[in-house]
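One structure is given below, encoded as structure tokens.
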Amino acid sequence: MDEKSLEVLEFPKVREILANFTSFSASRHLALNLKPWSDPALISQLLTQSAEARRLLSLEPDFSIRGVVDVRDAARKASRGKLLEPQTLVDIQTTLASARHVRSTLRKNAGETPLLWELADRIVELSYLENDISSSISETGDILDTASPRLSELRYQLKEARQQLLDRLDAIVKSPRGRRILQEPLIVEREGRYVVPVKAEMRKEIKGIVHDISNTGATAFVEPWSTVELGNELRQLTIEEEREVERILKALSAGVGANEADISQNITLLAELDLALAKARYAAKVKATEPVIGIADKGIQAKGKSDAGGLRLVGARHPLLTGKAVPLSVEIGNDNPILVITGPNTGGKTVALKTIGLLTLMTQAGIPIPASEESYIPIFDRIFADIGDEQSIEQTLSTFSWHIGNIVRIFQTSTQNSLVLLDELGTSTDPNEGAALARAILLHFLSRGTIVVATTHYGELKVFAHTTPGMRNASLDFDPVTLAPTYHLTMGIPGGSNALAIASQLGLSSEIIADAREMLAKGTQDMEKLLADLMSEKKAIENLRDSLDKEREVTADLKSQWERELKGLEERERKIFREERDKLAGETAQLQKEVRRVSSELKKTKSQESREQAERLLARVRDQVEILNSRIKAERSVSTEDTKISAGDEVWLPEMDIWGTVLSIDEEEGQIEVQVGQTRLRMSFADAEKLKPPSGKKLPAPSTIRKKPKKPAPSLELDLRGKRADDVAPELDRYLNDASLASLSQVRVIHGFGTGTVRQIVREMLASHPLVKSFRPGERGEGGDGVTIVKL
């Protein structure tokens, strides 16, 4: 990539911002040294890692690479035999523990983050070394007594020896002689030996070794002879302790040195993972996403579009702008590789140019960009930017010379797969010559097929871009009323510079503005007026579109509300119908029960008066049943839609006691085809009921389909011989009902001769039974008077 263009587009500032989201020095170093790549496969991998890191943080919000220190240099020193300090070993232990935690977390989320897991899977867990260090050194860097049995024993002996020495010195301090000769009742340490502060004039009163004299000379720090041997023993144990600590540190350092390659690799992998997480945190901060990428010349399709090769930014924002920035949407390339942006001064043309260049650099460096995920960025081999002014007095370079020098360099190194950004092309010289030079430069890039974005105020370039195939205009809008810039980019329309209006707003005298306006060529004024009118029309169309969108939303809301209310009304209607139907059915069932009771009583009644009374009651009950049945039919007719069977409905099959789904309907034949499990049945409408299945009810498997067993067909004769008189009438009534339902036209009732009581009950009941058409005694060969032949 062109280093000068990286500086001009402020890419290093983005790297610094990203580096602030890293967790330790190695990943920060990676962030500060990020560079754009031109390998599509590598860029795709880096962007996918960033997307996976965003996904990981959504699954594990508290996850981070914490407690990691870049210990690669220490590990290299240990591999060369250097003794490591305890705190350095603690840093190595916490780094190993963090690496183990990172690997465990990513293994758990490997399905969601396969590329990150591919990195984490290469982390080598050194649990034994981690445990050796943690069991030997505390978090504060102190060597623990448990580091070795020998160290534990030495420290116990040291404690005992020190206490014995202090007890003896304490006895001297508290003795009457000690109070007399000592400057203060203290025990102090000098040169690793325990001493007491003796008055200088009393020095000869106590035998011992003088280890120090105070600055004033008034105090001598003396180790009494009586404690010298104990002090020697303490010193001996201290030296042995130091040697044991050194031995432990050497062993731990050797362990680190033996695993130097794995430790260094772990740090490198953790740095790459932390950089991916830093990108994810940065993306969350600025609402960034990973764009679709492709090849700059041709080839890769952008999310199903066939116009691959162009650059498309949707809702893009410059990453260094603070506050609420106006999003930029722009499309360049394909049939129009040259885009000419015009518009008012201070209207945002240079910012738009930098936004396009910087977001492209970020994408090719694998950094998510603050733009919609619908954005599509091709991979360029180089990105060039001629923006700003770096005239040099020392090198006698004017602004124009500096710009031309840049363009010459760009011509020499750019290709058809490069992106070129040119700010204020052809300025800082004679306008006519500058405009002509700008047109020639753009034509040269167009012949090459290089994607170019150029900004200008030249009217000739606006016309040139409009009339030249392969070029396209775009403009930064301004408010036609206030003439203030809106920073919104409109594709396909050139924009006016509005220099006079902006100069007036900045405080230039109105007389000067008026004089300047008179000096403008009529064609220029007409062009500016036309552009202003276009902006006014565009503003009106946008307002109309916004109004229509709002009305569409209101209409959609009202429609949804009415549909909900209608659905609620229909549901209430169905509920009321079901309640009324159930109520009527209950009343009908009760009346039918009363019919059976009265009918039974009628059969038992002997007197003519009682029988007539029962018959009148039975007739009234039957009339009520008919009334209720007609009401139920009327209720059903009110809600035919609720019970009308259609293809796709779930229906209840009472004969089979099972649910099925209607496949088709034959209106002419009055038949329906029903799927039950894997079986298809054809039946009449009457054999199915449209009901709502109970909640959680599943359609049955074929093995569960069972047809209800029907009652066996009644016999052609009923034998009442041997029955008690009270049982004859109920049994005969049941038999006649069953025979009638079975469509039997004639039956024989056997009652025998006997005393004639059963025969009398039978024939009296047959005479009044509503199902009996006629009856007669049996003839010879039919059983004679011992049977009665009944026609139904």
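The values are calculated or read from the model by the stated rules, or taken from the named source; none is laboratory data. Please read all numbers here as calculations on a predicted model, not as lab measurements. Cβ sites come from the backbone with ideal geometry, for glycine too, and all protein chains shown count toward neighbours. These area figures cover heavy atoms from the full protein model, side chains too; ligands, DNA and RNA do not enter into them. Shrake-Rupley method; radii C 1.70, N 1.55, O 1.52, S 1.80 Å.
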Inset, instruction - Could you tell me the distance between the Cα centroids of region 69-123 and region 218-277, to the nearest Å? - result: 22 Å
Inset, instruction - Place +1 on the Cβ of every Lys and Arg and -1 on the Cβ of every Asp and Glu in region 128-198, take the dipole about the Cα centre, and give the residue among 172, 151, 161 whose Cα lies farthest towards its positive end. - result: 172
Legend entry - Along each principal axis, Cα extent of region 75-179, largest first, Å: 81, 31, 24
Inset, instruction - Let me know the shape class of region 166-233, please: from the alpha-carbon gyration tensor, a ≥ b ≥ c as square roots of the eigenvalues, rounded when a/c is under 1.5, otherwise prolate if a/b is greater than b/c, or oblate. - result: oblate
Legend entry - Interchain or long-range residues, amide H under 5 Å from residue 293's placed H: 377
Inset, instruction - Over region 71-146, give the accessible area per residue in Å² for a 1.4 Å probe, as an integer. - result: 51 Å²
Legend entry - Most to least accessible of 466, 403 (protein chains only, probe 1.4 Å): 466, 403
Legend entry - Cα gyration tensor, region 741-792 - rounded (a/c under 1.5), prolate or oblate: oblate
Legend entry - Candidate residues 721, 472: accessible-area rank, largest first, probe 1.4 Å: 721, 472
Legend entry - Size of charge dipole - region 151-263 - debye, nearest 20, with Cβ of Lys, Arg +1 and Asp, Glu -1, no other charges: 800 debye
Inset, instruction - Could you tell me whether region 20-94 comes out rounded, prolate or oblate from its Cα gyration tensor? Rule is a ≥ b ≥ c as square roots of the eigenvalues, rounded for a/c under 1.5, then prolate if a/b exceeds b/c, otherwise oblate. - result: oblate
Legend entry - Among 94, 110, 84 - extreme Cα towards positive end, dipole of region 61-191, charges at beta-carbon: 84
Legend entry - Selection from 222, 278, 267 lying farthest towards where the dipole of region 190-293 points positive, charges on Cβ: 278
Legend entry - Of 4/462; 285/349; 13/279; 4/279; 285/354, pairs whose Cα-Cα distance is over 18 Å: 4/462; 285/349; 4/279; 285/354
Legend entry - Centroid-to-centroid separation of region 5-29 and region 713-792 [C-alpha atoms, Å]: 108 Å
Legend entry - Filtered trypsin sites (Lys or Arg not before Pro), region 744-792: DSSP coil and at most 13 other beta carbons within 10 Å: 773, 780
Inset, instruction - Provide the solvent-accessible area of residue 24, counting protein heavy atoms only and rolling a 1.4 Å probe, rounded to the nearest 10 Å². - result: 20 Å²
Inset, instruction - List the trypsin sites (Lys or Arg not before Pro) within region 103-205 that fall in a DSSP loop (any state other than H, G, I, E or B) and whose Cβ has at most 15 other Cβ atoms within 10 Å. - result: 122
Inset, instruction - Quick one: what are the phi-derived ³J(HN,Hα) couplings along region 243-248, Karplus 6.51/-1.76/1.60 with θ = phi - 60°, whole Hz, x for glycine and proline? - result: 5, 5, 4, 4, 5, 5
